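Asker: Before I ask anything, here is the structure I am working with.
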Amino acid sequence: MSRAGLALTLALLAPAPVFAGDDPATGATVAMQPGSSGRPACAACHSADGAGQADVGIPRLAGLHASYIADQLGHFATGVRANAIMAPYAASLSADERRAVAEYFAALPIPAPVDPIPEPVAKLDRGMALFQRGDARTGLIACTQCHGPNGVGVGSFTPRLAGQSGPYIAEQLHRWRAGDIRDPRGAYMRAIAARLSPADIEAVAAYAAGLKTGETIENTAGGKP
């Protein structure tokens, strides 16, 4: 075995480092209690059960991968991802606190999705077509290629979209379409969003928000994927 191969093997076998923020109590404290600096508790916006507020576009955190949440908090804290509300909030937390609160929300059970706002059948059918099959005319690949056919995501690589806030999904896609990279992986999503019209963004966001969080696909419009 080469020296590089041996080093990689030893790295994979090494135990994961233990962080001070791995204490579940730390994550619960950050999530549920205001900070001494005056910052509100995470639950004030994302809810005690991590469900978010779908009607105003605040995303659900419960059930997202801990590494994904921690990465996004790090991007907010360092200014890589711009957000007037989240940037100062994340910057007020230490790296260990960000990791701890990410693990706290990731471990929460996924709450039952809020019934989506009724949408026209044609809009949901269009969203389903884009999500499940893409659009050969514009070179758009299906959302399922990265987020899975039922929208549950792939570990820390892509986030769960099923049951997420439709307005939040749409806002992020509109931002990417406008050229906002958002985070180090944003260049890929910016290229994807550029192939969507504003109306198609609203359609695919509405469809994704209506997906169930279980293993089966149910077309909100009543058709077949």
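Asker: Would you call residue 220 under 19 Å from residue 55 (Cα atoms), at pLDDT below 85 and out of contact with any strand residue (DSSP E or B) (no Cβ under 7 Å at 6 or more places or on another chain)?
Answerer: Values: under 19 Å from residue 55 (Cα atoms): yes; at pLDDT below 85: yes; out of contact with any strand residue (DSSP E or B) (no Cβ under 7 Å at 6 or more places or on another chain): yes.
Considered against the rule, which asks whether it is under 19 Å from residue 55 (Cα atoms), at pLDDT below 85 and out of contact with any strand residue (DSSP E or B) (no Cβ under 7 Å at 6 or more places or on another chain), residue 220 comes out as yes.
Asker: Please work out which one of (1) at pLDDT 95 or above; (2) hydrophobic (A, V, I, L, M, F, W, C); (3) surrounded by 16 or more Cβ atoms within 10 Å (Cβ to Cβ) is the condition residue 211 fails and give its number.
Answerer: Against the list (1) at pLDDT 95 or above; (2) hydrophobic (A, V, I, L, M, F, W, C); (3) surrounded by 16 or more Cβ atoms within 10 Å (Cβ to Cβ), residue 211 comes up short only on (1).
Asker: Of all the residues that make up segment 56-105, how many are more than 16 Å from residue 182 (Cα to Cα), open to solvent by 30 Å² or more (accessible area, probe 1.4 Å) and within 12 Å of the chain's Cα centre (by Cα)?
Answerer: 3
Asker: Next question. For the subset of segment 147-162 comprising residues that are open to solvent by less than 20 Å² (accessible area, probe 1.4 Å) and in contact (Cβ under 8 Å) with a residue 60 or more places away in the chain, which member is nearest to residue 74 (Cα to Cα)? Show your work before the answer.
Answerer: First pass over segment 147-162, keeping only residues open to solvent by less than 20 Å² (accessible area, probe 1.4 Å): 148, 151, 153, 158, 162.
Checking which are in contact (Cβ under 8 Å) with a residue 60 or more places away in the chain leaves us with 151, 153.
Numbers: 151: 24, 153: 20 Å.
Here the answer is 153.
Asker: Every residue in segment 107-135 that is open to solvent by less than 30 Å² (accessible area, probe 1.4 Å) and within 18 Å of residue 202 (Cβ to Cβ), please.
Answerer: Step one: filter segment 107-135 for residues open to solvent by less than 30 Å² (accessible area, probe 1.4 Å), giving 111, 124, 127-131, 134-135.
Once the filter is applied, which keeps residues that are open to solvent by less than 30 Å² (accessible area, probe 1.4 Å) and within 18 Å of residue 202 (Cβ to Cβ), segment 107-135 yields 124, 127, 128, 129, 130, 131, 134, 135.
Asker: Given the conditions (1) in a helix (DSSP H, G or I); (2) open to solvent by 50 Å² or more (accessible area, probe 1.4 Å); (3) of a type outside the set (Asp, Glu), which single one is not true for residue 138?
Answerer: (1)
Asker: Restricting attention to segment 1-53, and to residues there that are of a type in the set (Ser, Thr, Tyr) and open to solvent by less than 60 Å² (accessible area, probe 1.4 Å), which single residue is modelled with the highest pLDDT? Give the steps one after another, and end with the answer.
Answerer: Keep residues of segment 1-53 that are of a type in the set (Ser, Thr, Tyr), which gives 2, 9, 26, 29, 36-37, 47.
Restricting the remaining residues to those that are open to solvent by less than 60 Å² (accessible area, probe 1.4 Å) gives 9, 26, 47.
Working: 9: 33, 26: 91, 47: 94.
Checking each candidate, the answer is 47.
The values are calculated or read from the model by the stated rules, or taken from the named source; none is laboratory data. If you're wondering where the values come from, they're calculated on a predicted model, not measured in any experiment. No Cβ is skipped: glycine too gets one built from the backbone with ideal geometry, and neighbour counts run over all protein chains shown. SASA here: full protein model, heavy atoms, side chains in, ligands and nucleic acids out. Shrake-Rupley method; radii C 1.70, N 1.55, O 1.52, S 1.80 Å.
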